[in-house]
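Derivation of every value follows stated rules applied to the coordinates shown; laboratory data play no part. Given the structure is predicted, the values throughout are model-derived calculations rather than measurements. In this analysis, Cβ positions are derived from the backbone assuming ideal geometry, glycine residues included, and neighbour counts consider all displayed protein chains.
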Amino acid sequence: MNDYVRIFDTTLRDGEQAPGCTMTLEEKLEVARQLARLNVDIIEAGFPAASPGDWAAVHEIAQQVGSADGPTIAALARANRDDIDKAWTAIQPAAKRRIHTFMSTSDIHLEHQFKKTRTEALHLIHDMVSYARSLCEDVEFSPMDAGRSDPAFLREAVSVAVAAGATTLNIPDTVGYQTPDEYGAMIRDLYEHVPGIQKCILSTHCHDDLGLAVANSLAGVRAGARQVECTINGIGERAGNASLEEVVMALHTRKQFYGLKTRVNTREIARSSRLVSSLTGVQVPPNKAIVGANAFAHESGIHQDGVLKYRQTYEIMSAETVGLEGNALVLGKHSGRHAFRKHVEALGHKLSEEDFRQVFARFKDLCDRKKTVDDRDLEALITGETRRAPEIYKLEHVQFTSGTGVTPAATVRMVGPEGRVITDSAHGTGPVDAVYQAINRVIQRPNELIEFSINAITEGLDAVAEVTVRIRERGAAEEDTAGKGRPPIFSGYGVNTDTIVAAAEAYMGALNKMLAARQERIKAEQAAYAAGYDKNATSYAVDMFGMSALGKAD
């Protein structure tokens, strides 16, 4: 299968390490299920040694998504027995399992981070790859910071991993330093000089610090790599990772040039992008290749003329190929529940009865407010209803006043724990600030609003507003549920024809996530300990491709 490139998705591991991209267990499961529909080959579900919560998430994904006909479930582990043991126990429920272990090979890492000699590193690589292989038949090894490693020592380290039983060799450009020519040459050099490497799969893992992650990954593929590690929307540490959608569509669109294929169902790409964006609160730039709002838009008169005559004059791929049909919704305010359910299912959504009831009610309400409702509006409604955080506090009513020469004011009525109804009011610098101040008076949990963005789903004055907010709880570093030693960031999402109401819904979503985080951490710890996670072991969340050890897990 020399023409087949395996897609290793690390959205749930490297992608989730990006500031503000932390997801709850249910959100991780939702992404994992979508990745399975996307038909990726391997899902790197997390770093089990980072925290009990990470272990529980990987274990649950292995159990629910790791079927015999589904993707391989991989877990990350540093080159030590405790990490490898945690990775192994976490992925055991999966039918296809992989342990992914790593050790730095660059002198700058060995000297300044790990305090090890080259000889010590080689011994560790041999012992830990051998140990991982004694547990699991599928073992991946990564020489961290390979791009800045001495080529001769990199060959030696990879040779040791091959001899110890590694089945996949991932060659990371950890800090996004290399150019495509350099990265491709490094892959070729390993193929030519490492004994026994032909029995292994070589993999790429490229970061985007210089904007070259996709180019480097494709150069590695041309040099013989047959696995690409990437993330949805390219999220990840620092400037991010190679973007899955760009790598896959480059191979798909230029198949005559590359002569290679993937198993990815490209029609699930757009949905995967929207899901990850809504759950992490990281918006996709409009000019983003493949999935950006402008990726298939044409404003220039010359371009419009050409596309109207023959689309391929200015489009090298079709929007339909990546699932961006945007067809008009033929249903309206008089449509019944059965027809509406059929249309929702045709869009690829399987809703619970409660979610369907809520979405249908919102759809009817939207039909009364808008002249035209299309699939983009419906996707936004579904996202808004199904991405709701557990409602510790529920916003029942919001009212606001604002205008020229008027001090903005807002009143909110909320239902709190145990059904207690609370009403409060506040002033602000604008209507959104007034609403947020009133909500804060009710919840009384200090937080910092670090991002606020508004997007119009469709065109026109009656467009549905989509609002995303991200907040950080003040003084909450010790409550970091991901064990990364920094205050967690929580995102919220709201959608409404009234922009201020959408903003209130988004803020409530973020606040409820923040309030639920402690409860979820306690539950995850209890589940992990009950299932075998060693609470007495010392664990550190390590940025695999960003060089830092980031604090002891609770």
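One Cα centroid belongs to the range 430-457, the other to the range 153-220; the line between them spans 46 Å. Translational diffusion of the range 6-280, estimated by Stokes-Einstein from the Kirkwood radius over alpha carbon pairs at 10 °C in a medium of 1.306 mPa s, is 87 µm² per second.
Between the helical axis of 499-531 and the longest alpha-carbon principal axis of the chain there is an angle of about 40 degrees.
Measuring r between the beta carbons of A239 and Q312 and using R0 = 30 Å, the FRET efficiency lands at 0.40. Between 0 and 90 degrees, the angle of helix 244-253 with respect to the longest Cα principal axis of the chain falls at about 80 degrees. Backbone amide hydrogens, once placed in the peptide plane, bring D150 within less than 5 Å of D107, excluding anything fewer than 5 places away on its chain. Placing R0 at 51 angstrom, the Cβ-Cβ distance between E448 and S352 gives a FRET efficiency of 0.90 after rounding to 0.05. Placing unit charges on each Cβ (+1 for Lys and Arg, -1 for Asp and Glu) gives the chain a dipole about its Cα centre, and among L190, S335, L275 the Cα reaching farthest toward its positive end belongs to S335.
A Förster distance of 60 Å, applied to the separation of the beta-carbon atoms of A185 and T423, puts the FRET efficiency at 0.35. D by Stokes-Einstein for the chain, Kirkwood Rh over Cα pairs, 25 °C, 0.890 mPa s: 99 µm²/s.
For the chain, averaging the sequence separation of C-alpha pairs within contact (under 8 Å, six or more residues apart) and dividing by the residue count gives a relative contact order of 13 percent. Scaling against 2.2 N^0.38 Å puts the C-alpha radius of gyration of the range 1-74 at 1.08.
Report for the chain the percent antiparallel among DSSP-assigned beta bridges with both residues inside it, nearest 5. The antiparallel proportion sits near 50 percent. The angle between the Cα long axis of helix 52-65 and the longest principal axis of the Cα atoms of the chain comes to about 90 degrees, rounded to the nearest 10.
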